1. Select from segment 64-85 the residues that are without any contact (Cβ under 8 Å) to a residue 40 or more places away in the chain and under 16 Å from Gly26 (Cβ atoms) and list them in ascending order.
2. Going by the conditions given, is Ile57 under 22 Å from Ser120 (Cβ atoms) and at pLDDT 95 or above?
3. Please find, within segment 102-123, the residue that is farthest from Glu74 (Cα to Cα) out of those that are at pLDDT below 95 and β-branched (Val, Ile, Thr).
Amino acid sequence: MSDKIIIKNMKIYGFHGVLEEEKKLGQNYFIDVIITKSLKKACLSDNLNDSIDYSKIYYDIVDLSNVNKFNLIEAFAENICTLIIEKYVVKKIEVTIKKPNAPINGNFEYVAINITRENSNEI
């Protein structure tokens with residue numbers, strides 16, 4: 001299956017990180033989400049109820065960030081995957097979180113993590 005719902009470069013302000021300054025001051029995070037799920041029914045019906053409302057996914061991720069302070073962006077990504085798989089019954093999700101202001105004394109565009117999780121229970 002190659003049907004996908006993609007949200008790229010979501011800009012979210014959050015208070016995640018190991019350092020106390022990160023938890024106190026916060027910073028921007030950029031998140032990509034690629035969801036694999038059969039969209040055939042939605043393609044044929046032209047009905048949103050047969051797909052996933054991507055605005056709801058966006059706001060679910062914003063809410064997850066707003067109510068949590070993760071030490072690691074790895075944990076943030078894992079929580080995004082778990083939330084989306086369980087709430088929307090998707091086959092697979094890939095999440096990339098970019099942290100452009102990571103506390104590194106150096107010159108770089110961003111640091112990032114990328115994880116992929118699959119749901120063996122997807123129908």
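The values are calculated or read from the model by the stated rules, or taken from the named source; none is laboratory data. These numbers were taken from a predicted model, which means no experiment stands behind them. Every residue, glycine as well, gets a Cβ built from its backbone with ideal geometry; the counts of neighbours run over all protein chains shown.
1. Scanning segment 64-85 gives Leu64, Val67.
2. Details: under 22 Å from Ser120 (Cβ atoms): yes; at pLDDT 95 or above: yes.
So Ile57 fits the description; yes.
3. The selected residue is Ile123.
Table: residues versus (1) at pLDDT below 95; (2) at negative phi; (3) loosely packed, with under 13 Cβ neighbours inside 10 Å.
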residue	(1), (2), (3)
Ile6	no, yes, yes
Lys11	no, yes, yes
Lys23	yes, yes, no
Tyr29	no, yes, no
Val33	no, yes, no
Ala42	yes, yes, no
Ser51	yes, yes, no
Ile61	no, yes, no
Val67	no, yes, yes
